[in-house]
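This report concerns only the one structure given below.
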Amino acid sequence: MGFKEEIERRRTFGIVSHPDAGKTTLTEKLLLFGGAIHVAGAVKSNKIKKTATSDFMEIERQRGISVATSVMGFEYKEIKINILDTPGHQDFAEDTFRVLTACDSVIIVVDAAKGVETQTRKLMQVCRARKTPIIIFVNKLDRPAGDPFDILDDIEKELQIEVTPLSWPIGSGDLFQGIYNIHEQNLCLYSPSIQTIPEGIEINDLTAPDLEEHLGKRAAQQLKEDLQLIRELYPSLDRTAYLAGAVAPVFFGSALNNFGIRELLDCFIEIAPSPLPRETVERVVHPDEKKFTGFVFKIHANMDPNHRDRVAFVKVCSGMFLRNAAYLHVGQGKIMRFSTPTAFMASKKSIIDEAYPGDIIGLHDTGNFKIGDTLTDGEKLHFKGIPSFSPELFKYIENADPMKTKQLAKGIDQLMDEGVAQLFVNQFNNRKIIGTVGALQFEVIEYRLLHEYGASCRWEGINLYKACWIEALDEQELVNFKLHKAQYMAKDKWGRDIFLAESPYMLQMAQENYKKLLFHFTSEF
Ligand code: G4P
């Protein structure tokens with residue numbers, strides 16, 4: 001197969017949902033359909049259970065599981081599918097945002113009974129900002145659910161995206177009879193089964209008596225009316241609009257019962273994008289360029305505290321990646337060779353000789369990489385679109401053991417490279433501030449500093465609302481601002497100016513008094 005065909009047959013995507021909507025179950029069922037696994041239950045959930053908030057061993061154990069399921073590659077109908085796993089726990093939302101930067105499209109799972117939930121809404125903001133193509137899977141139809149039209153209304157309103165249903169449920173809960181595949185015009189009758197894959201019945205003519213035979217008179221009539229209404233209310237599938245992130249196709253089913261998955265997967269491989277061109281600071285990189293480029297979107301620490309080596313996950317953006325070839329680590333200006341690059345098929349890891357655009361490779365790292373780093377064939381490029389977001393919680397970090405100052409500094413540095421949290425150094429008093437998305441990360445950091453670096457830390461509360469990246473439309477105004485707000489100025493890990501706003505009011509005052517400065521909650525604007 002030629003280079004172009006290899007690129008075109010790749011689909012790299014992420015599945016996101018609010019915890020418990022069924023992301024892990026859907027992932028597993030997709031692998032089952034793809035023949036990558038043979039029994040249900042083979043993929044372990046990487047979610048950090050609520051009970052684990054203070055159970056560090058549990059957190060560590062679950063981190064271990066998530067390395068195995070970070071990327072799940074499989075082939076389906078000659079399409080190479082890479083599913084990127086995203087942590088479900090909200091305290092790790094930033095990890096999920098970063099994984100999304102490596103996805104060419106996304107499937108969002110929504111619980112049919114609960115509708116769109118908070119976490120999904122937040123993740124959708126990231127997808128919308130990047131215009132990521134989205135398919136929605138409404139799950140758990142085997143349980144009592146609301147009216148499907150109401151579910152679609154909820155999705156449109158909450159996720160602020162136009163929808164186009166491509167399959168349609170017939171009843172729900174005890175009355176769930178099956179799915180009509182609008183896209184392919186066939187009917188799949190429901191029979192609960194966790195292991196087997198149901199076959200669809202071809203029904204091209206909805207006026208034929210078969211429909212009533214299968215569904216009964218009332219349900220058949222209801223389906224016909226629903227389909228008529230769908231034709232009137234929703235646009236038919238427009239792939240261009242889907243690829244632009246403007247319209248989301250919607251499928252219904254029950255992941256647990258393998259139901260509605262085939263419809264989803266078949267349509268997915270047909271319409272989802274192969275690797276897309278990506279912007280760098282310097283220029284746009286096209287996947288079919290001959291020379292290799294890629295970027296690090298995730299770093300995973302080794303589970304063994306005696307070995308501080310890590311795995312850097314790289315998304316190949318263009319060209320072929322070759323084992324042992326010399327590549328430029330742009331950030332460090334260093335030439336590097338990788339003798340044991342790994343790829344992930346199902347939940348197995350193996351050393352590979354080559355990888356194509358769209359693929360994810362794992363590189364053994366001894367501390368050279370941080371999130372967002374670019375690797376190329378020699379060209380100095382910096383990929384965009386891997387932003388940091390303002391943390392929600394902030395604390396000063398202090399050294400609790402003066403004999404271990406170096407260890408603490410190194411530990412903080414490496415954990416920040418991994419993206420566990422963000423470090424800001426207050427320019428006024430030189431104190432280090434750690435910002436996180438959730439409270440759990442402070443505990444993880446403290447635990448890992450002690451167990452992996454032998455360093456002890458102490459936390460001290462600080463009252464901050466947001467960390468804002470500053471865009472100056474007038475350099476002199478920035479100089480004035482920094483003078484007046486010296487106490488609230490910090491630098492991030494890249495040395496960029498940060499305004500630490502204590503409250504929404506303080507931010508508002510800054511915005512009003514310094515009209516030529518723009519304050520952003522993300523590092524890319
Ligand atoms: P998540 O990764 O999005 O957090 O969700 P996960 O797949 O772990 O699913 C959450 C719970 O919902 C699981 O039950 C799972 O079995 C169930 N579930 C998933 N899909 C369906 C479906 O289509 N129908 C029904 N009825 N249930 C579904 P659990 O009891 O929390 O976990 P487990 O003990 O079954 O693993």
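Order these by the 10 Å Cβ neighbour count, fewest first: Thr25, Thr207, Thr280. Please list the in-between numbers first.
Numbers: Thr25 24, Thr207 7, Thr280 20.
Ascending number of Cβ neighbours within 10 Å: Thr207, Thr280, Thr25.
Could you work out the percent of alpha carbon pairs in the stretch 393-520 separated by over 25 Å, rounded to a whole number?
Tail fraction, whole percent: 29.
Taking the simple approach of a point 7 Å from Cα along Cα-to-Cβ for both Arg283 and Phe3, what is their distance in nm?
Each label point lies 7 Å from its Cα, and together they span 1.5 nm.
Kindly work out what percent of the DSSP beta bridges joining two residues of the chain are antiparallel, to the nearest 5. Kindly include the intermediate steps, with their values, before the conclusion.
On the way: 78 of 102 bridges.
Close to 75 percent.
Between Glu502 and Arg143, what length comes free when the chain is fully extended (0.36 nm per residue of separation minus the Cα-Cα distance, one decimal in nm)?
Working: separation 359, 0.36 × 359 = 129.24 nm, distance 4.57 nm.
Result: 124.7 nm gained on full extension.
Compute the relative contact order of the stretch 393-520 as a whole-number percentage, counting only Cα pairs closer than 8 Å that sit 6 or more residues apart in sequence. Walk me through the numbers before you get to the answer.
Working: 212 pairs, mean separation 38.8, N = 128.
RCO, the stretch 393-520: 30 percent.
Would you list which aspartates and glutamates come within 16 Å of Lys370, measuring only between C-alpha atoms, while excluding same-chain residues fewer than 8 positions from it?
Straight-line reach from Lys370, under 16 Å: Glu94, Asp95, Asp309, Asp413, Asp417, Glu418, Asp492.
Convex hull over the Cα atoms of the chain, averaged projected area in nm²?
Working: hull surface 103.3 nm².
Mean shadow area of the hull around the Cα atoms is 25.8 nm².
How tilted is helix 217-233 with respect to the longest principal axis of the chain? Cα atoms for both, answer in degrees (0 to 90, nearest 10).
Compared with the principal axis, the helix lies near 50 degrees.
Quick one: plug the Kirkwood hydrodynamic radius of the stretch 278-376 (C-alpha pairs) into Stokes-Einstein at 4 °C, 1.567 mPa s, and report D in µm²/s.
On the way: Rh = 13.8 Å.
The calculation lands on 94 µm²/s.
Counting helices only, and only those DSSP H runs with n ≥ 4, report the 222 nm mean residue ellipticity of the chain as the sum of -39,500 (n - 2.57) divided by its residues, in deg cm²/dmol to the nearest 500.
Values: 14 runs with 151 residues, N = 525.
Result for the chain: -8500 deg cm²/dmol, rounded to the nearest 500.
Could you count how many Lys pairs in the stretch 393-520 have their Cα atoms under 19 Å apart, skipping same-chain pairs fewer than 8 positions apart?
Counting lysine pairs in the stretch 393-520 gives 27.
Return a whole-number percent for the relative contact order of the stretch 294-421, with Cα pairs under 8 Å and 6 or more residues apart as the contact set. Show your work: numbers first, answer last.
Numbers: 215 pairs, mean separation 36.3, N = 128.
With pairs under 8 Å counted, the relative contact order is 28 percent.
Rank these for me by crowding, Val126, Val106, going from fewest to most other beta carbons within 10 Å.
Fewest to most other Cβ atoms nearby, the residues stand as Val126, Val106.
Relative contact order (percent) for the chain, with alpha-carbon contacts under 8 angstrom and 6 or more residues of separation? Don't skip to the end; give the middle numbers.
Numbers: 1092 pairs, mean separation 70.7, N = 525.
Rounded, it is 13 percent for the chain.
Sort 170-177, 354-361 for me by packing, meaning the mean count of neighbouring Cβ atoms within 10 Å per residue, highest on top.
On the way: 170-177: 17.6, 354-361: 23.6.
Descending packing order for the listed peptides: 354-361, 170-177.
If the cut-off is 22 Å between C-alpha atoms, which lysines fall inside it for Lys348, apart from same-chain ones fewer than 8 positions away?
Hits, sequence-local ones excluded: Lys23, Lys29, Lys44, Lys47, Lys77, Lys80, Lys298, Lys315.
Where a number appears in this text, it was derived from the coordinates with a stated rule and is not lab data. Nothing here was measured: the structure is a model prediction, and the numbers come from that model. With ideal geometry, Cβ positions are generated from the backbone for all residues, glycine too; neighbour counts draw on all protein chains shown.
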